[in-house]
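Down below is the structure, laid out as structure tokens.
The values are calculated or read from the model by the stated rules, or taken from the named source; none is laboratory data. Everything numeric here is computed off the predicted structure, so don't read it as measured data. Neighbour counts run over all protein chains shown; Cβ positions are idealised from the backbone, glycine included. For the accessible areas, the whole protein counts, side chains as well, though only heavy atoms, and no ligand, DNA or RNA atoms are used. Shrake-Rupley method; radii C 1.70, N 1.55, O 1.52, S 1.80 Å.
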Amino acid sequence: MRREPRPLTARQEAVLAVIRSSLADHGHGPTVREIGARVGLSSTSSVAHQLGRLEARG
């Protein structure tokens, strides 16, 4: 029996939106610091954690 994947958290959605926006506007992804500034995370470690969680989800 397969489980439905859990929806993204609000923070994960925000990080993903920043990445998509940067790709569309500039043709490349944002830096970790740029992501943090746009989603309200002051620690690059926190941003890296969110990116890791997104990567683990595929």
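What angle do you read, to the nearest 10 degrees and between 0 and 90, between the alpha-carbon axis of helix 44-57 and the longest principal axis of the chain?
Its long axis makes an angle of about 40 degrees.
Return the carbon/sulfur percentage of the accessible area of the chain, one whole number, probe 1.4 Å, all protein chains in place.
Heavy-atom surface of the chain belonging to carbon and sulfur, 1.4 Å probe: 50 percent.
At a Förster radius of 35 Å, what calculated FRET efficiency corresponds to the Cβ-Cβ distance of Glu4 and Thr31, to the nearest 0.05?
Rounded to the nearest 0.05, the efficiency is 0.55.
Can you compute log10 of I(q)/I(0) for the chain with the Debye formula, treating each Cα as one identical point scatterer, at q = 0.18, 0.25 Å⁻¹?
Reported log10 I(q)/I(0), two decimals: -0.60, -1.03.
Can you give the angle from 0 to 90° between the axis of helix 10-26 and the longest principal axis of the chain, with both taken from C-alpha atoms, to the nearest 10?
Once rounded, one gets 50 degrees.
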